[in-house]
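Laboratory data are not the source of any read-out in this text; all were calculated from the coordinates shown. Keep in mind that this is a model prediction, so the values were computed, not measured. No Cβ is skipped: glycine too gets one built from the backbone with ideal geometry, and neighbour counts run over all protein chains shown.
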Amino acid sequence: MSSESQNKKLAVIQIKGLKKSFGENSVLRDFSVDLHEGENLVVLGKSGSGKSVLIKCIIGLMLPDAGSIKVFGDEVPELSHDNLDKMRVNVGFLFQSNALYDSMTVRENLEFPLRRHWVKTNKESVNDLVKEVLTNVGLAETIDMMPAELSGGMRKRIALARTLILKPKVILYDEPTTGLDPITGREIGGLMLDIQKKYNTSSIIISHDMNCVKMTSNRIVMLIDGLCYATGTYDELSKSSDKKVKQFFD
């Protein structure tokens with residue numbers, strides 16, 4: 001996807017001049033970036049560079065010190081609790097740890113977001129939604145299994161299915177392939193691309209896995225020194241002579 005075509009796309013998330021500090025540690029100093037409709041945007045940076053802080057600010061789990069975060073045109077820090085909850089229905093969050101409930105079956109884990117966000121459904125439509133998302137992640141047969149019975153890759157797929165059940169317009173992926181073997185990691189990357197195509201989702205992907213970055217990204221933003229240090233496609237950035245950028249691709 002070229003820069004020119006991206007500029008013509010609607011920006012579903014707009015971040016300008018974002019600042020966040022913890023004591024004397026300035027994690028985000030003046031970070032700005034837009035996420036366009038239908039785009040997979042990877043945020044790449046070292047551990048502790050502020051990637052997870054960025055996602056928490058976007059979803060309203062953390063308040064920035066300064067700057068603007070607009071999701072679907074609404075300023076996130078200014079949203080009331082109820083409006084923030086409504087916004088989160090349209091913004092799915094795939095946790096690094098998967099965050100499945102061990103005491104619930106797969107079916108119950110998938111039904112939980114529908115109850116949590118008071119989505120109006122009847123029993124038949126809930127069953128249809130659960131079966132649909134499980135089929136889309138290739139795990140229809142696990143519906144009555146417990147998380148402990150699943151492999152790491154399967155748990156990641158179930159967590160993704162739970163994110164999809166609300167049919168979000170945006171998905172935030174926090175290290176989606178961490179802890180997975182390379183083959184399973186590629187499978188998850190392929191699934192992310194399938195979801196982007198089928199649901200026309202826009203996604204921000206936090207990842208250290210350069211195979212995942214190369215496979216899933218339409219565009220990459222380098223979060224270095226609290227700034228949007230560089231942006232471009234994987235091919236563009238991999239050819240950079242800048243040492244701070246080049247170190248990620250060596």
### Summary
Computed over the chain: longest principal axis from alpha-carbon atoms vs helix 123-136 long axis, angle to nearest 10 degrees, is 50
### Query
Given labels modelled 7 Å from the Cα in the Cβ direction, how far is it in nm from residue 61 to residue 167?
2.6
### Task
Please identify, among 93, 22, 72, the residue showing maximal mean-square fluctuation in a Gaussian network model of the chain using a 10 angstrom Cα cutoff.
22
### ³J(HN,Hα), Karplus 6.51/-1.76/1.60, whole Hz, each residue of segment 156-173, x for Gly, Pro
5, 5, 5, 4, 5, 4, 5, 5, 6, 5, 8, 6, x, 7, 10, 10, 9, 9
### Summary
Excluding residues fewer than 8 positions from residue 243 in its own chain, the lysines with Cα under 22 Å of it are 46, 51, 214
## Note on the structure
Out of 195, 204, 183, a Gaussian network model of the chain with alpha-carbon springs under 10 Å gives the largest mean-square fluctuation to 183
### Message
With 10 angstrom as the radius, rank 31, 249 by how many other C-beta atoms surround their C-beta, starting from the fewest.
### Response
249, 31
### Query
Dividing the Cα radius of gyration by the Kirkwood radius, what Rg/Rh value follows for segment 8-64?
0.98
### Message
Run the simple label-point estimate for residue 145 and residue 194 please: 7 Å along Cα→C-beta, distance reported in nm.
### Response
1.5
### Summary
Ranked by GNM mean-square fluctuation in the chain (Cα springs under 10 Å), the top entry among 115, 186, 157 is 115
### Query
Treating the beta-carbon of each Lys and Arg as +1 and of each Asp and Glu as -1, no other charges, what is the dipole magnitude of the chain about its Cα centre, to the nearest 20 debye?
260
### Cα-Cα P(r), the chain, percent of pairs per 10 Å interval
7, 30, 36, 21, 5, 0
### Query
Which FRET efficiency value, to the nearest 0.05, do you get for residue 101 and residue 243 by plugging their Cβ-Cβ distance into 1/(1 + (r/R0)^6) with R0 = 35 Å?
0.20
## Note on the structure
Listing 24, 37 by rising number of other beta-carbon atoms within 10 angstrom, fewest first, gives 24, 37
## Note on the structure
For the table 169/198; 16/198; 9/70; 56/169; 70/246; 9/169, the rows whose alpha-carbon distance is greater than 21 Å are 16/198; 70/246
### Message
Let me check I have the definition right: for segment 171-233, take the eigenvalues of the Cα gyration tensor, multiply each by 5, take square roots. What are those semi-axes in whole Å, largest first?
### Response
20, 15, 10
